[in-house]
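The values are calculated or read from the model by the stated rules, or taken from the named source; none is laboratory data. All values derive from a computational prediction rather than experimental measurement. When we count neighbours, we look across all protein chains shown, and the Cβ atoms used for this are built from the backbone with ideal geometry, even at glycine. Areas reflect the complete protein model, heavy atoms only, side chains present, ligands, DNA and RNA absent. Shrake-Rupley method; radii C 1.70, N 1.55, O 1.52, S 1.80 Å.
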Amino acid sequence: MVNAATASFALSDQTTGMLVDLEEGIWCCNNRAGTDIHVINYEQYIDQYRKGEVSKGKRCDFVLYDARRSHFVVAELTHCKQNSLKRPVSNSSSKTKEETAETKYRDTIQILCGVSEIRSFIEQYPVKSCVFACRLKDDQDTQDTVSRAMDGFQAAVQEVGTITRTKPLVIENMGFRYIRCIYPEPYVFQ
C-alpha cells in the first residue's frame, strides 16, 4: 500500500520490488488526493495459482485502488522503443502492444467480476480505468549513425502525454475508461 504521505510514486514490472524511484519507473502516479492507494502486483499474485479458472486467460500487471473508493485501476506496463508501439508484437500476431493490453484488460476484469463480491467492490468506484503505461527506450547510444537515421525516418510521430478515450471500453458493462500514459506523464488520483 502507498500511504497518503506519498504525493508521487512509480511502478515497474521489471524489478523484484514494484515500487521504484520516480526516475526508474515505467509508470508514474500522482496521489493528489492524499489517500492510501492499494497496489496489487496482480500478475505475480495470479501466477501462484496453477490451476482453476483464475489462472486462465491473459492478465494485467497491476491492480490499484484508493481508500476513498474513487479510483479502481487495471494497469499494463511496457518498456519499449517508440516505433514498437505501432508494430505487431510478434510474427505470429498482428496485434500491437496496446491491442494486446486490451485483451489483458478484458480477461483480468472478467476474472475479477466472476466473483460477485469483487464485482460489487469494483462497482463502488466511480472512476474505473484501464491504463496502458509505457516508458520509451532511448537506444540511440548503441546504434551507428546510419541505423539511427533509418530508425528516425521510420519512426512514428512522437507519442506524448496522456490520452484518454472518450468512449469507455465495453468490458463486463463496467464502464472502464482507457488511458495511455507515456512516461513521465502520470496517472492522477484526484
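Restricting the GluC sites (Glu not before Pro) of region 64-125 to loop positions (DSSP other than H, G, I, E, B) with no more than 10 neighbouring Cβ atoms within 10 Å leaves nothing.
Residue pairs exceeding 26 angstrom between C-alpha atoms, taken from Lys81/Lys128; Lys97/Lys137; Lys56/Lys128: Lys81/Lys128. The local environment of Trp27, defined by Cβ-Cβ distances under 10 Å, has a net charge of -3 under the rule Lys, Arg +1 and Asp, Glu -1. For region 12-50, chymotrypsin sites (Phe, Trp or Tyr not before Pro) meeting the loop criterion (DSSP other than H, G, I, E, B) and having at most 12 other Cβ atoms within 10 Å: Tyr49. Expressed as a whole percent, the accessible surface of region 60-109 that belongs to carbon and sulfur atoms is 43, based on a 1.4 Å probe. Count Lys and Arg as plus one, Asp and Glu as minus one, and take only other residues whose Cβ is under 15 Å from that of Phe189; the net charge is then +2.
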